[in-house]
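Here, each number is a calculation from the coordinates, and none is a lab measurement. Predicted model only: the values in this text are computed from it and were never measured. Backbone-built Cβ (ideal geometry, glycine too); neighbour counts: all protein chains shown.
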Amino acid sequence: MTDTAASPVNALAERTLQAYLELSPTMATLYGDERYADQLEDPSPQGRARKRALWQQVLGDAGTIATDGLAEDERITLHVLKVLARRGIREDDQRVHLLFAAHHMDGPQSLLPQVVQFQPADTPERLEKLLARLRAYGPFVEAYIGQLREGIETGLTVPRVVAERSIDQLERLLATPIEEAVIPAMARVASEAQRERVREVVRDVIYPAETAYLAVLRREYLPATREDPGLGSAPDGEAIYRTQIHTWTTLDLEPETVHHVGLEEMTAVDEQRRLLARANGFGDDVARYRRALQDDPSNRAATPEGLLERAREDIERAMAVVPRSFSRLPRAGCIVKATEPFKEKDAPFAYYFPPAVDGSRPGTYYVNAYDLPSRYFSTLASTTYHEAVPGHHFQLSLETENPDLVPFRRLVARAAAGAFVEGWGLYAEALADELGLYRNDGERLGMLDARAWRAARLVVDSGIHALGWTRRRSIDYLLATGLTETDAVIETDRYISLPGQALAYMTGMREILRLRRELEARDGDRFDLRGFHDQVIGHGSLPLGTLAAELPSWVRPLA
């Protein structure tokens with residue numbers, strides 16, 4: 001690794017990383033850094049001011065560095081630092097934090113149940129740090145209550161359905177007897193006596209804090225929420241949405257352009273689905289083919305564990321064949337876990353958490369078994385290849401393990417590259433087909449349905465937040481693309497709560513495919529597919545413009 005002391009860029013990147021981890025202590029825990037394991041983030045005005053000051057300092061320091069003669073990696077690092085700093089300042093100006101004051105996917109109630117799964121508490125010192133972190137939840141939630149009231153005062157509240165889902169989630173958590181509480185049950189302690197100490201803090205600190213937060217949510221905040229689900233109904237909503245489009249795609253795109261691209265992609269994938277339906281005796285009736293698959297008992301797991309076991313099998317099958325398309329494989333393993341019961345009703349079908357930096361924890365692929373009869377193997381396959389292998393597990397593990405990248409690029413740069421990260425995941429679904437991983441045409445239809453779903457995200461996200469679509473219109477559109485009612489509802493509410501995030505997938509995949517086609521045309525029979533894949537994900541997470549500018553010089557033709 002480059003000596004950070006020898007380079008102003010790398011020195012700035014290291015300072016930024018350390019400040020970022022100090023301001024994001026639970027993120028540090030996710031990476032395996034235990035220095036701040038007794039702390040939580042500070043969502044108060046003072047905490048937000050410290051974060052803004054960091055980005056202002058980064059932007060100022062970056063502006064003093066001469067760019068002439070910088071090495072390639074330093075030039076990229078400096079660009080990523082500027083992207084993150086400008087975004088942080090812009091989002092603070094627009095009070096984007098108020099869109100997360102109540103949130104069923106990223107609200108305060110979801111933080112600790114996730115963190116305790118990653119935080120070791122198996123020694124007396126580690127246990128005391130965990131208990132201190134749990135006790136910090138009281139002030140943490142007080143700051144969120146302050147955000148709720150700030151939202152009421154400014155009019156920048158979340159849509160009503162997001163608040164309602166958050167309330168339902170909190171009610172489920174608080175209805176759980178303390179003996180069965182989620183946090184103590186999942187805490188990584190060494191004994192039942194230690195678990196009991198965790199339980200005491202949950203009873204004395206966490207439950208009362210969440211009770212107070214829930215009371216304000218119900219009585220004060222819910223009546224002030226927005227009926228219209230789109231950002232267009234929020235103060236300065238149009239500008240906020242444009243910021244979020246850039247945040248998630250790293251491109252300056254017009255909402256109408258996004259919408260049109262989504263419709264074009266839907267047309268293309270519909271034709272591919274009809275070809276599959278014809279090949280299997282259903283003519284052009286894709287919906288009838290899908291229903292036949294859904295009615296097939298062999299396409300469903302009998303138990304939640306059966307669903308998880310199928311995901312494990314697919315990961316093993318993928319690991320056996322990926323050396324055909326990659327020269328480098330991650331050292332970290334990938335385990336499969338079930339989504340926690342308290343959040344499964346609101347969570348997507350699957351998601352992934354990267355491994356610890358020091359290798360002490362593998363990557364984790366969460367699979368949601370809620371409404372098990374609607375969770376089909378034909379849908380699971382492409383999801384597993386997206387989230388695990390050769391998708392996010394490959395990409396993020398290799399990034400974390402890459403000794404040629406400074407730590408900032410290995411750990412923080414992905415925050416500046418949502419479309420790159422999610423675009424790779426969607427690209428991996430198609431790559432799985434090239435590798436022969438889909439067992440049958442039913443799983444291929446699942447892959448195409450997943451691509452249609454990502455095309456539909458362009459249509460629906462822009463529709464909701466820029467074109468005045470209702471929640472029902474979004475659900476109906478997603479149903480027409482092939483999603484189940486359960487997924488169409490969960491996904492619509494996800495897009496409502498995370499403006500712009502849904503745009504990352506198709507936008508990123510289209511750019512990766514465009515670059516591959518250009519390099520295939522350039523190199524002809526000498527195109528190096530393994531080299532292409534190694535280089536796309538071998539430089540860490542990148543803004544799409546950076547990837548497009550640099551990749552052609554990284555990928556060399558076969559000798």
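Around the Cα centre of the stretch 4-227, unit charges on the Cβ atoms of Lys, Arg, Asp and Glu (plus for the first two, minus for the last two) sum to a dipole of about 420 debye. Here's the picture: a label point sits 7 Å out from the Cα of Glu227 along the beta-carbon direction, and within the stretch 456-477 the residues with their amide nitrogen under 20 Å of it are 464-475. Phi angles of the stretch 544-553 translate, via the Karplus equation with coefficients 6.51, -1.76, 1.60 and θ = phi - 60°, into HN-Hα couplings of 4, x, 5, 4, 5, 6, 9, 4, x, 7 Hz per residue; Gly and Pro are given as x. A cut-off under 15 angstrom between Cβ atoms defines the neighbours of Ile315, and their net charge, with Lys, Arg +1 and Asp, Glu -1, is -2. Semi-axis lengths, largest first, of the ellipsoid equivalent to the chain are 34, 30, 25 Å, with √(5λ) applied to each eigenvalue of the Cα gyration tensor. Between Ile89 and Ser553, the C-beta separation translates, for a Förster distance of 35 Å, into a calculated FRET efficiency of about 0.65.
Expressed as a whole number of Å, what is the distance separating the alpha-carbon centroids of the stretch 1-58 and the stretch 392-463? Between the Cα centre of the stretch 392-463 and that of the stretch 1-58, the gap is 27 Å.
The stretch between Ser44 and Arg439 holds 137.1 nm of extra length on full extension. This uses 0.36 nm per residue minus the Cα-Cα distance.
For the chain, the relative contact order works out to 17 percent when only alpha carbon pairs closer than 8 Å and six or more residues apart are counted. Sorted from longest to shortest, the spans of the Cα atoms of the stretch 245-510 along the three principal axes equal 50, 43, 38 Å.
Taking the Cα centre of the chain as reference, the dipole from Cβ charges on Lys and Arg (+1) and Asp and Glu (-1) amounts to some 80 debye. Restricting attention to the chain, close to 40% of DSSP beta bridges with both partner residues there are antiparallel.
For Lys337, the residues 5 or more places off, or on other chains, whose built amide H falls under 5 Å of its own are Tyr365, Tyr366, Val367.
Name the lysines eligible as straight-distance cross-link partners of Lys345: C-alpha to C-alpha under 24 Å, and not fewer than 8 places from it in the same chain. By straight Cα distance, Lys345 reaches Lys337. Couplings 3J(HN,Hα) for the stretch 133-140, derived from phi with the Karplus relation 6.51 cos²θ - 1.76 cosθ + 1.60 (θ = phi - 60°), are 4, 5, 5, 6, 5, x, x, 4 Hz, where x marks Gly and Pro. Taking a straight Cα-Cα cut-off under 13 Å and skipping sequence neighbours fewer than 8 places away in the same chain, the aspartates and glutamates within cross-link reach of Lys51 are Glu22, Glu41, Asp42, Glu91, Asp92, Asp93. Summing Lys, Arg as +1 and Asp, Glu as -1, what charge do residues with Cβ under 9 Å from the Cβ of Met27 carry, Met27 excluded? Result for the local shell: -2.
Using 0.36 nm per residue and subtracting the Cα-Cα separation, the extra length available between Ser191 and Thr211 on full extension is 4.3 nm.
Rounded to the nearest 20, the size of the Cβ-charge dipole of the stretch 245-510 about its Cα centre is 320 debye, with Lys and Arg at +1 and Asp and Glu at -1. Considering only Ala49, Thr157, Ala185, the residue lying farthest towards the positive end of the dipole of the stretch 4-227 is Thr157, judged by Cα position with unit charges set on Cβ. Note on Lys129: aspartates and glutamates with a C-alpha under 12 Å away, same-chain residues under 8 apart excluded, are Glu34, Asp38.
Using the Karplus relation 6.51 cos²θ - 1.76 cosθ + 1.60 with θ = phi - 60°, the per-residue 3J(HN,Hα) values for the stretch 243-257 come to 4, 5, 4, 5, 4, 8, 9, 6, 10, 8, 10, 7, x, 5, 5 Hz, with x marking Gly and Pro. Amide H to amide H, with H built 1.01 Å from N, Arg300 comes under 5 Å of Phe377, counting only residues 5 or more places away or on other chains.
With contacts taken as Cα pairs under 8 Å and at least 6 residues apart, the stretch 245-510 reaches a relative contact order of 26 percent. Summing Lys and Arg as +1 and Asp and Glu as -1 over all other residues whose Cβ lies under 15 Å from the Cβ of Glu271 gives a net charge of -1.
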